[in-house]
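Asks: Below you'll find the structure I mean.
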Amino acid sequence: MLPAAVPSRQHTVQPMVTGTSVLGIVYDKGVLLAADTLLSYGSMAKAQNIPRLHAVEKTVIGASGEYSDFQRILEILKAKALEETTTSVMDSLYTEESGMTAENTWNYLRMLLYSRRSKFNPFWNELLVAGKDLKGKPFLGSVDKIGTTVRDNFIATGFGAYLAMPLLREKWRPDLTEGEARALLEDCMKILFFRDCRASPRIQLAKCADDEVLVSEPYELDTAAAWQAEAYRQSVGELEDDGGW
């Protein structure tokens, strides 16, 4: 009798089912994240209502890129969180004093994604991490698929890095209120819906403030008024030049 075949190693060779931009901004009392709920299979809108913002303990993780890889990252983080609540190993990644803060999670993800990249089996994601740092202050950081990290007061992944960052740079200030930060993120998400063909007007917001972590239910942005602009209501023949974009 022949022995059973050993399963071959499975790698994500390229992203297949993907999500687009995730935006994050620090405001006066915490951090807000925003992402839409669309997953695309190439040029096809495969799933319309899939959340890409998830809370792990008191940290929120958002992801662009391959969704199955993001699911695996969440499994690893939840296992790490369970380990921290059931053990008191002194050489644990997170010390008992600091807990599983967003900054520690960000550093852990940096090592995890760099390790996978070094084995030529990367997680095809760009992640945003929001919560608190080791000093208890609002924290926002990103990690890409090769383990490169950035910490800033506003960050955008995917097409948001090109289309939303100019508006975030112009409008951000240290004393932004929660309402102003939310309005700014919603404006950016509307821009992405109009300009990114893989984006959707159905979005989620996540808030990390004090010891409170909230992830909203998906809701629709009001984009109807924007389509009433004069340029959209003119026939092509009435536009200047050849009517092209």
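The values are calculated or read from the model by the stated rules, or taken from the named source; none is laboratory data. Note that the structure is predicted; figures quoted are calculated from it, not measured. Counting neighbours? That spans all protein chains shown, and the Cβs are built from the backbone with ideal geometry, glycine included. Please note that ligands, DNA and RNA were not included when accessible areas were found on the heavy atoms of the full protein model with its side chains. Shrake-Rupley method; radii C 1.70, N 1.55, O 1.52, S 1.80 Å.
Asks: The conditions are (1) among the β-branched types (V, I, T); (2) open to solvent by 10 Å² or more (accessible area, probe 1.4 Å); (3) modelled with pLDDT of 95 or more, and V22 fails exactly one of them. Which is it?
Replies: Looking at each condition in turn, V22 falls short on (2).
Asks: Moving on. Which of the residues spanning segment 164-180 are closer than 21 Å to A225 by Cα and of a type in the set (A, V, I, L, M, F, W, C)?
Replies: Those that are closer than 21 Å to A225 by Cα and of a type in the set (A, V, I, L, M, F, W, C): A164, L167.
Asks: Can you tell me which residues in segment 146-167 are buried (at least 21 other Cβ atoms within 10 Å of the Cβ) and not hydrophobic (A, V, I, L, M, F, W, C)? Don't jump to the end; show me each part of the working.
Replies: Residues of segment 146-167 buried (at least 21 other Cβ atoms within 10 Å of the Cβ): 154-158, 160, 164.
Once the filter is applied, which keeps residues that are buried (at least 21 other Cβ atoms within 10 Å of the Cβ) and not hydrophobic (A, V, I, L, M, F, W, C), segment 146-167 yields T157, G158, G160.
Asks: Let me ask you something else. Quick one: what pairs do we get from segment 184-205, first residue touching a residue at least 40 places away in the same chain (Cβ under 8 Å) and farther than 10 Å from L163 by Cα, second open to solvent by less than 10 Å² (accessible area, probe 1.4 Å) and of a type in the set (V, I, T), C-beta under 7 Å, 6+ apart or different chains?
Replies: So the pair list comes out as L184/I25; L185/I25; S200/T37; R202/T37; I203/T37; Q204/T37.
Asks: Then there is this: May I ask you to list the residues in segment 122-134 that are open to solvent by 50 Å² or more (accessible area, probe 1.4 Å) and under 22 Å from L214 (Cβ atoms)? Please lay out each step first, then the result.
Replies: Kept after step one, since they are open to solvent by 50 Å² or more (accessible area, probe 1.4 Å), are these residues of segment 122-134: 124, 126, 132, 134.
K132 - this is the single residue of segment 122-134 that is open to solvent by 50 Å² or more (accessible area, probe 1.4 Å) and under 22 Å from L214 (Cβ atoms).
Asks: Being touching a helix residue (DSSP H, G or I) at 6+ places or on another chain (Cβ under 6 Å) and among the charged types (D, E, K, R) is the filter here; which residues of segment 156-193 pass it?
Replies: Within segment 156-193, K171 is the sole residue that qualifies.
Asks: Filter segment 192-234 for residues that are open to solvent by 60 Å² or more (accessible area, probe 1.4 Å) and under 21 Å from V31 (Cβ atoms) and give the result.
Replies: Across segment 192-234, the qualifying residues are D210, D211, E212, L214, E217.
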